[in-house]
Every structure is written in C-alpha cells, then in structure tokens.
Amino acid sequence: MNTILSSRKERVGVQIFVFAVALLWVFPIVVALKNSLSVNGFANYTYLFTHEVGGIKIYKPFINSVVVAAGGTALILIIGTLSAFAFSKLVFFGQKWLYGFVLMCLSIPGVVVLVPFFYILKGVHLYNTLTAVIFAEVVLTLPFAVLMLRNFFDNLPNELMESAHMDGATSFQTFLHIYLPLARPALINLGVLCTVWSFQDYLLPLMFTTKSSLMTATVAISSFKSNFGFNPADQGRFYAALVLLGLPALFIFILAQRYITNGITSGAVKD
C-alpha cells in the first residue's frame, strides 16, 4: 500500500514539475502574443505584410530562412545518412580513426571556426550569399547527424545486409531499398531538428551576409527593432514580428512531434 501511495506521489510530483517547466516556456510566447494585440490588434500583422520596415518586406526574410533551412537540412540528411550507414555497416581502412575524428569535431565550439569559415568562403567567392550560410550550418551540424544516425543504424540487424548480398544486391542498393526506408523516423527527427535550429540561428546569417535582401528572419527581427520606435503602436508591430518569427518552428514541431519522440527513443538502447 505504501509503495502504491509513494508511486502515485512520485507521478504527481513529476507531472507538477513538467507542468511548471511548460509554463516557463509558454509564458514568453503568451506575453509576445498579448503585446502584439494590445494596440491596434491584428492590424499590427497586416501592417507587416503591407509595409516595408527599414526597406524590407517581412516575407523576404522568411523566404531566405526557408531556402537556408531546406538547403542545409537536405545536405545534412544526404551526407549524414550515407556517412552513418558506412560507419555502421561497412568495413574500410581507417574507419575507427575517421569516426573518432567526427566525434572529436563535436567538442569544437562553433565560434572557434567562424573566422576560418569567413576567409574560406571569401576565398571561394561565396561570402554574402545564402550558400555560405547553408554550408556553414551543414559543417557545424554534420558531426551530430552522423553520431545520431549511426546509433540508429547500429540497432538495425546486420542480417539484412547479409541477406541482400546473398541475393546479389550491392551495398548501395541495400542501403537505398532496405536500410533507408527503415531509418525514416530518425531522418524525420533529424530533419525537424535541423530545420528548427536553422530558423533560430542568428550568428551565422549575421556573420556571412551583409545585404538586406539576404537577411533571414532572425536577423530581420534585430533590424526591425532598430526601425521601430518606443511608442505603443510600434511596439505592438515589433511583438507581432516576433510572433511571426516563432510560428514556423512551432508548426514544424507540432506536425512532427510523434517522429521526434520515436527518433529520440530509437537510439536510446542497443540490443
């Protein structure tokens, strides 16, 4: 009886803690939404889509953010999946050393490589382009992608590879037709994470682009802040811009929440 009561108390305590943490995360969103509607209501949102702020229409930074997020996520998924499969299921010279180098890259802070990135991108004439931001995000995120996907592939049986080889399939055919479909939950999880991280990234777009036409949503918000005044009407429009910035990442998370949960738990235990 005491064990049951103790178990119930623990569950209630965990639920209260989770609820409190959720409130802490939701509170800034509620405040931003409330302030965006406190003066002029929904007119603040229509203003952003019908007027330029500092010479920028709000939909242009969102388009740039979508291009960067889509391009970076696609490259990370392609390169990361192929690399993780090779590290997990194939045997080649220097495999352990190369994988160790990939893991070592996880310990390098991103800010350390910003200056080398700057000179490299300038040297290949990619500076001040969205391609520069995409490449930078890919390089910084790829080690995590390889680690995550390799753990997933490690949980898939090697017998699938052996059976496919006995039927005459090559390693790439086995990857494409057997292992890749099985990895869909992990790929969706990784894709959602990369997309959300890209939409939230501020430093890389600020570092590698200077043209207003190439601003991403996060950088545009900073620009909008300097163009809006401190009167109630301008503050309402600024908060409306903050709400619009957060909506894409929120919608992506809600739509793919089930795959995120499956992807996180899929590599938690090794058989």
Got at least one residue in the range 119-135 being in contact (Cβ under 8 Å) with a residue 12 or more places away in the chain, under 19 Å from TYR202 (Cβ atoms) and in contact with a Lys or Arg (Cβ under 7 Å, 6 or more places away or on another chain)? yes
In the range 199-207, is there at least one residue being modelled with pLDDT under 85, within 20 Å of LEU140 (Cβ to Cβ), touching a Phe, Trp or Tyr at 6+ places or on another chain (Cβ under 9 Å) and polar (S, T, N, Q)? no
Verdict on LEU182 being of a type outside the set (S, T, N, Q) and without any contact (Cβ under 8 Å) to a residue 40 or more places away in the chain: yes
Take the range 34-55 and flag every residue that is touching a Phe, Trp or Tyr at 6+ places or on another chain (Cβ under 8 Å) and of a type in the set (A, V, I, L, M). VAL53
Using the structure shown, decide if VAL53 is within 23 Å of PRO205 (Cα to Cα) and at pLDDT 85 or above. no
Within the range 28-85, restricting to residues that are among the β-branched types (Val, Ile, Thr) and not in a helix (DSSP H, G or I), the one that is most open to solvent (accessible area, probe 1.4 Å) is VAL39
In the range 100-116, which residues are open to solvent by less than 90 Å² (accessible area, probe 1.4 Å), in contact (Cβ under 8 Å) with a residue 40 or more places away in the chain and assigned to a helix (DSSP H, G or I)? VAL102, LEU103, GLY110, LEU114
Subset tally (residues that are open to solvent by less than 20 Å² (accessible area, probe 1.4 Å) and either of a type in the set (A, V, I, L, M, F, W, C) or at positive phi (or both)) for the range 229-250: 3
Considering residues of the range 153-206 that are assigned to a helix (DSSP H, G or I) and surrounded by fewer than 13 Cβ atoms within 10 Å (Cβ to Cβ) only, the residue farthest from the chain's Cα centre (by Cα): MET166
On the basis of being open to solvent by 30 Å² or more (accessible area, probe 1.4 Å) and not polar (S, T, N, Q), does PHE93 make the cut? yes
Could you list, in sequence order, the residues of the range 207-227 that are surrounded by 17 or more Cβ atoms within 10 Å (Cβ to Cβ) and over 25 Å from ALA240 (Cβ atoms)? MET207, PHE208
So how many residues does the range 117-152 have that are open to solvent by 60 Å² or more (accessible area, probe 1.4 Å), in a helix (DSSP H, G or I) and over 29 Å from ILE188 (Cβ atoms)? 3
Based on what the data block shows, is LEU24 assigned to a helix (DSSP H, G or I), open to solvent by 50 Å² or more (accessible area, probe 1.4 Å) and within 21 Å of ALA186 (Cβ to Cβ)? no
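The values are calculated or read from the model by the stated rules, or taken from the named source; none is laboratory data. These numbers come from a predicted model, not from an experiment. No Cβ is skipped: glycine too gets one built from the backbone with ideal geometry, and neighbour counts run over all protein chains shown. Keep in mind that these areas ignore ligands, DNA and RNA; they rest on the heavy atoms of the full protein, side chains included. Shrake-Rupley method; radii C 1.70, N 1.55, O 1.52, S 1.80 Å.
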